[in-house]
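The values are calculated or read from the model by the stated rules, or taken from the named source; none is laboratory data. These numbers were taken from a predicted model, which means no experiment stands behind them. Don't worry about glycine lacking a Cβ; one is built from the backbone with ideal geometry, like all the others, and counts go over all protein chains shown. Ligands, DNA and RNA are excluded from the accessible area calculation, which covers all protein heavy atoms including side chains. Shrake-Rupley method; radii C 1.70, N 1.55, O 1.52, S 1.80 Å.
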Amino acid sequence: MTKNYEHYISRSIQSLYWRKMIAPFFYLILLGVLWFLFPFSDLLFPTKITEYPQIGASLKTGNQYIETDLTDLYFTGYTNTQLGQTIGYYYYTAAEDSCMFVLLSPRTCEEGLPFISNAHIRARIMQKGKAFQQLTDALSQDLSWTPQGLRGKVSPYVLNEPEYLPPVNLFLLAAFFATGLYACAAIIVSIAYILFPVLSPPCRQLGRFGKPSELLAQAEDELATLPQLATEDMFITEHYFIEIAHSGIAVVPIQEMIWIYKYSTLHKIFWYHFNISYTLHITANKHLYLQCPKNIKSDIDGIIDYLAEANHNILVGFSEENRLKVRNMQDPTGRFSKWFLARERKEDDKC
């Protein structure tokens, strides 16, 4: 049964970008799940607290991150340090019939002001822990109180401003939104390529040699009338070489090719050699380079023979002589070669 090649290139481009949409689509679903599992929304939109009882109520609902205004803050004289660096200063303020400890960041308290009349902060609600016990033990000695007596007069909650957005949280938020935006952009771009295949990279690549839409239409018409040579994923028509592989698509005018050769790769597991695959390397004008990997030798040889016959100017086979010829064709003035030589000399001088 003859295969239908009508609009085969466009359909293959659409199929390729449908597949490329799968990964970012499921990644966005994963980000949505993480949004509900972790308190990203609480960090971005903290609960606004105006009264002390709301702190406990917020914590009971599972929301640790708040935004509030505090008044009459007094420095305790104690700081919180990590790895020898001061990350916060302990203050206390009135909280109904008791007082509450607040750990302020160095910027908010200006490196430990004795008194702060008011401060607007975003903080994480912390409950009694090791740091709380150490602070109350030290303060009880200063005040000649028992630690138990002091703790009875202090709120069980500590507002921790440095813990609201530490570097780890900031990095996670940045990664969350950056990767999410990248996934959205990938989906939007893929949809554009599906709707308009001529905008896709394989077709834009044709723009080096003419108008992409016209060249694509010509290649489609020639392929639709059955290719002159076809392998599993490579086709040759009257004027074009076409690769339609699972990983990518390429369309190259045969008359623009200047060098072709094959490269073999031995595949093995430990000491066992199980097969050899061949990669077709194509160099064309306008600095176009193409690789067609994982092919069998007979297919590659047939493609090379046909291309060499269709365009007698193509250099066939890898050799130093052919490499130099291609370099001269791609860079006839030697401008880039001189630049690379000058750069290499600079590196040698540094060494």
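Please check the chain for the longest run free of trypsin sites (Lys or Arg not before Pro) that are loop-located per DSSP (anything but H, G, I, E, B) and have at most 14 other Cβ atoms within 10 Å. The reported range is 154-285.
Within the same chain, aspartates and glutamates fewer than 8 places from Lys297 are excluded, and of the rest, those with a Cα less than 17 Å from its Cα are Glu232, Asp233, Glu243, Asp305.
In the complete set of protein chains, residue-level accessible area for Tyr8 is approximately 30 Å², probe 1.4 angstrom. Taking Cα centre as origin and charging only the Cβ of basic (Lys, Arg, +1) and acidic (Asp, Glu, -1) residues, the dipole magnitude of region 196-264 rounds to 300 debye.
Might you report the magnitude of the Cβ-based charge dipole of the chain about its Cα centre, with Lys and Arg at +1 and Asp and Glu at -1, to the nearest 20 debye? Once rounded to the nearest 20, the dipole reads 400 debye. Summarising the label geometry, the points placed 7 Å from Cα in the beta-carbon direction at Ala175 and Glu320 lie 4.8 nm from one another.
Here the 3J(HN,Hα) profile of region 224-230, calculated from phi with Karplus coefficients 6.51, -1.76 and 1.60 at θ = phi - 60°, is 5, 8, 6, x, 6, 8, 9 Hz, Gly and Pro shown as x. The distance separating the Cα centre of region 1-51 from that of region 165-205 comes to 9 Å. In this rough spin-label picture, where each label sits 7 Å from Cα along the Cβ direction, the Lys3-Asn285 distance is 3.0 nm. When both region 68-130 and region 219-264 are represented by their alpha-carbon centers, they are found 70 Å apart. Extension gain for Ser264-Glu111 works out to 48.5 nm (0.36 nm per residue, less the C-alpha to C-alpha distance).
Counting only residues at least eight positions apart within a chain, or on another chain, the aspartates and glutamates with an alpha carbon under 19 Å from that of Lys60 are Asp42, Glu51, Glu163. Annotation for Leu37 and Thr71: the two label points, set 7 Å from Cα along the Cα-Cβ direction, are 4.4 nm apart. In terms of distances greater than 21 angstrom between alpha carbons, the cross-link table entries Lys262/Lys294; Lys128/Lys153; Lys286/Lys325; Lys211/Lys286; Lys262/Lys325; Lys48/Lys153 yield Lys48/Lys153.
Volume per residue, Å³, of the convex hull around the alpha-carbon atoms of region 208-332?
121
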